[in-house]
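Here's the structure we're looking at; comments come further down.
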Amino acid sequence: MASKGGKRDVARGPSPEGEGFETLYGRLEQTVASLEAGDLTLEESLALYEEGMKLARRCQELLQNAELKVTRLQEQFSEGLGALREELEEYEPAPEPDPAPEREPAFGQDELPLE
């Protein structure tokens with residue numbers, strides 16, 4: 001895409017602050033591909049490189065935040081298990097009631113019931 005003066009417009013997307021990781025990473029991949037193609041002027045290459053660094057920094061921030069969130073969730077889970085274990089250790093089950101005593105038959109063991 002040529003602009004006035006024969007220079008190509010270096011595609012700059014919106015600020016990386018409000019975009020999700022996947023979108024930013026896709027833009028970063030496109031930036032790297034454009035730089036690797038090598039058909040840009042020095043100024044265009046520098047502008048794309050700067051944009052790529054911003055995108056890479058924002059991707060890294062998002063990854064670090066996600067990692068921190070996972071770590072906190074794991075800690076909360078572990079704390080919850082610890083509290084549950086403490087509750088189980090403190091738990092004393094109620095004693096089971098004594099079984100009903102066996103009733104002796106109304107007749108002796110040597111006797112048969114009369115019908």
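Taken together, the values in this text are just the output of simple stated rules run on the coordinates, not laboratory data. Predicted, not measured: the structure shown is a model, and the values here were computed from it. As a convention, Cβ positions derive from the backbone with ideal geometry for all residues, glycine included, and neighbour counts pool all protein chains shown.
Observations on the structure shown:
- Each peptide among 36-48, 76-88 gets the average number of other Cβ atoms lying within 10 Å of its residues, and from highest to lowest they stand as 36-48, 76-88.
- Descending principal axes extents, the stretch 20-83, alpha-carbon based, whole Å: 62, 15, 14
- Summing charges over neighbours of residue 26, with a neighbour being any other residue whose Cβ is under 14 Å away from its Cβ, gives -2 when K and R count +1 and D and E count -1.
- In nm, spacing of pseudo-spin labels at residue 74 and residue 46 (7 Å Cα→C-beta vector): 4.4 nm
- Gain on full stretching of the segment that runs from residue 61 to residue 32 - 0.36 nm per residue minus C-alpha separation: 8.5 nm
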